[in-house]
1. How far is it, in nm, from the label point at L39 to the one at T124 when both lie 7 Å from their Cα along the line to the Cβ?
2. So how do 49-61, 149-161, 85-97 stack up, highest first, on mean other-Cβ count within 10 Å?
3. Per residue, what accessible area does the stretch 62-143 have, given a 1.4 Å probe and all protein chains present, in Å²?
4. Got a number for carbon plus sulfur as a percent of the stretch 49-176's accessible area, 1.4 Å probe?
Amino acid sequence: TERLPDQLGLLLTALSTMVIPMMANGTSISSLPEDVRALLGMTKYFVMGLWIFGLVFAVFTPISALSTVCLAIFGTYLLSEDPQMAPCYAAIRRSIIGQCCGTGGMQMLMPFLLLAAINSLVDTMQLAQVFSTYGSAALKNPAVDSLVGIWVCELSSTIICWMVLKAVLPSMGPMDGYQQLAGGPGPGGPTGGRPLGGAGPGGLGAGAGAAGNAARGGADAGFKPFQGQGHRLGG
């Protein structure tokens, strides 16, 4: 029962400390290179395994199986263009859950990868604890068997999606999120590349400083030090 809270905590921590590159909303799997499509297509079998083992695991621990079912839904949305996964995707899309998940496609690659990595990490620790306590006799428990199958599918999906991500990232271009506003300062803007503010050369700060210096120069032009009569102390 502690499996789901641990995964939610890790997911929130990862989201708060990572900048996740998201695919464009219109990115299609068919636009990927052939070798990348073939690699991503292997994920289909592990997503099917997540559905099978996840539903079996839900019979024994329904709450803990929620994260596996969510991962299976993410994977189904990722593979929405696959002919074998399309009917499952359409069924989820028409349900209440589908109204909250948006559209599928490559935009689901990073959410699926992140959740699969977190699930596999948590399940690795859980299985290590189970086998260290009960040994190989734990495999006689159907819940443990289904958890092992889930772990294999999660780990395999993580590795495959990481390889796909590394293959497609170079074609995505810079992802720092910066875009120069039209008419703003810069090499192509109306200011001719000069900054709008600051004390640098050509900036508004420089112009204001020059105007201030000119005004002070006019006021100080008639000032002469040591003018007037002196007074002797005590005299």
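1. Calculated label separation equals 2.0 nm.
2. Values: 49-61: 18.4, 149-161: 21.3, 85-97: 14.5.
My ranking of the peptides, most packed first, is 149-161, 49-61, 85-97.
3. Values: 3880 Å² over 82 residues.
Result: 47 Å² of accessible area for each residue.
4. Working: 4460 of 6200 Å².
Answer for the stretch 49-176 is 72 percent, counting heavy atoms of protein chains only.
The values are calculated or read from the model by the stated rules, or taken from the named source; none is laboratory data. On a predicted model such as this, the values are computed, not experimentally measured, just so you know. Cβ atoms come from the backbone with ideal geometry, glycine included; neighbour counts cover every protein chain shown. Heads up: the accessible areas ignore ligands, DNA and RNA and are worked out on the full protein's heavy atoms, side chains in. Shrake-Rupley method; radii C 1.70, N 1.55, O 1.52, S 1.80 Å.
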